[in-house]
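The block underneath contains the structure these notes are about, expressed in structure tokens.
Coordinate-derived values only; no laboratory data. Since this is a predicted model, take the numbers as computed values, not measurements. Cβ coordinates were reconstructed from backbone atoms using ideal geometry, including for glycine residues, and neighbour counts include every protein chain displayed.
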Amino acid sequence: MSVIDFPHKQAAHCESGATASLLSHAGVPLSEAMVFGIGAGIFFGYVPFVKLNGFPLTTYRSRPGAIFSRVTKNLNCVVKQKRYRNPKQAMVELDQLLERGIVVGLQTSVFWLPYIPAALRFHFNAHNLIVIGKEKDNYLISDPVAPELVWCPAQDLENARFAQGALAPKGRCYYLDQVPGCGNLAQPIVQGIRSVCSDMLAPIPVAGVRGMRLMARSMPKWEQKYGQRRARYCLAQLVRMQEEIGTGGAGFRFIYAAFLQEAATHLHTPQLETVAQDLTSIGDSWREFAVQATRCCKGRAEVSYGDLSAMVADQADREEHLFRQLRALTKQLNK
Amino acid sequence: MRKEDVPQDSGVLEDNQVVNYALDDKGNYCLTATAGWAPVNEANRMAWEDIKEQLLQVRQDVTSGKKSPLTYYMTRAQMDVALLSSYSGVARWRVRRHLRPAVFNKLGSELLQHYAQLFGVSVEQLVQLPATDDLPLESGAVDDGEQYE
């Protein structure tokens, strides 16, 4: 069968990477960071009443699927998306699309993908990849986080598409049907920054900087609440959410800073460059937080949950300041 | 983070590389390949250790006849009753019953085959405990996580 010529480029984050590659393939070359920014990918959430492996849900990014839908909407692309009940039908339709020369994005679970390193194969159901060809019973895949193209057996891909549990993909596939050339990115960029600011500064206790403060307040109680051992695993999970594969470093703070830098050039607004520098320094502190949290995990006496909590509270203050500044800037830009 | 500070601590990624965003000499962001980072390796190892401890407990329960071997395979696949129920299409209350040795031992071959296929093992393997857990933790691809300071 056929293999479609596709510009594979390794990215930091699967969703922004997949979206950027699909757009590039359709003739609109955007960088991953730009897609991440327009798609308003940065976020923070601490949701103690939703449990993941028994620990509070913590996230440094927006909800899965949000980047793709925001970017394609802001760039006026026509998107075709479909979910399936029947796995066999889903695979047949995938083959038909490939026959027509269409590259297809899929939502999958990393648990079933054999080419993902074994240690990273947990039940995470919102991994994005792009199928670009098929030969016999193997699919050729452009996985945004992999350095090269990879082959995946059909049965494994089918399992990955029909994974169960939270965020079950239900065979979701998507592709770009029509992509208007986008001459002016100014409007989408400003829109992207605005939604990020409103998300991060939202008056909701679990979201954005308020979420950070909520987490900071609860951290000193973790040991009491979960017991010493579980509290450590909880901390380990936090570090993984922040740094494990797909964040570009510092829980998406660096990739967003890269976007702000690019936006500064696009909008001829040097102030954005300054904001990018501030965000880089905030990101560096998140990295330091990860180092200290790992020390605490390992039971080193010199780092306590109280210290970590103070670090998070400080990060909340700095991010609040930054996003307020950013919001003020977008108001100026729109005049 | 500056480009030259991007860590290269191999571990969970095995021989693979992912990319980080870092600053070059001129202060511009660029994509930089990284082999991994010690704190991440450590956090990941702890997540597997958690599973390993659970498996140890389940092994004891299976040996002492409190739980069925299905419980072991379910735990090893990082599943709980709800998730196993969605994957197998067997109702939760039935899955819960199948975790009891008395019920599990009387299961028909069709249902056993169904579970075995889901966990990628044979029926003979499914009805007993494997000798080793075969977790990524034991493959030796883990940093000791001490070199970051």
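Relative to the present Cα-Cα distance, how much length would full extension add between A:S285 and A:N76 at 0.36 nm per residue of separation?
71.5 nm
Which one, A:G17, A:I102, B:P101, is farthest towards the positive end of the dipole of the protein assembly as shown when Lys and Arg carry +1 and Asp and Glu -1 on their Cβ?
Going by the Cα projections, it comes out as B:P101.
Can you spot the lysines whose alpha carbon is less than 16 Å from B:K67's alpha carbon? Ignore those fewer than 8 places along the same chain.
In chain and number order, the partners are B:K106.
Relative to the first principal axis of the alpha-carbon coordinates of chain A, what is the inclination of helix A:222-243, with its axis defined by its Cα atoms, in degrees from 0 to 90 and to the nearest 10?
Compared with the principal axis, the helix lies near 50 degrees.
Helix-derived [θ] at 222 nm for chain A: sum -39500 (n - 2.57) over DSSP H runs of at least 4, divide by residue count, nearest 500?
One gets -16500 deg cm²/dmol as the mean residue ellipticity at 222 nm.
Which lysines does A:K82 reach when only Cα atoms under 18 Å apart count, and residues fewer than 8 places away in its own chain are ignored?
Filter leaves A:K73, A:K170.
When the dipole is taken about the Cα centre of chain B, and only Lys, Arg (+1) and Asp, Glu (-1) are charged at their Cβ, what size is it in debye, to the nearest 20?
So the magnitude is around 1460 debye.
Could you calculate the contour length gain from A:L52 to A:N138, that is, 0.36 nm times the residue separation minus the distance between their Cα atoms, to one decimal place in nm?
27.7 nm
Enter the angle in degrees (range 0 to 90, nearest 10) between the Cα long axis of helix A:270-297 and the first principal axis of the Cα atoms of chain A, meaning the one along which they spread out most.
80
Amide H of B:R2: which non-local residues (sequence gap of 5 or more, or other chain) have their own amide H closer than 5 Å, using H built in the peptide plane?
Result for B:R2 returns B:L23.
With a/c under 1.5 counting as rounded, go ahead and sort the stretch A:186-333 into rounded, prolate or oblate using the C-alpha gyration tensor (a ≥ b ≥ c being the square roots of the eigenvalues; past the cut-off, prolate if a/b is larger than b/c, else oblate).
It comes out prolate by the Cα gyration axes.
So how much slack lies between A:R327 and A:E148, counting 0.36 nm per residue of separation and subtracting their Cα-Cα distance, in nm? Let's see the in-between values first.
Working: separation 179, 0.36 × 179 = 64.44 nm, distance 3.86 nm.
Between A:R327 and A:E148, full extension yields an extra 60.6 nm.
Could you give the nm distance between label points at A:S304 and A:R229, where each point is 7 Å from its Cα heading toward the beta carbon?
Distance between the two pseudo-spin positions: 2.4 nm.
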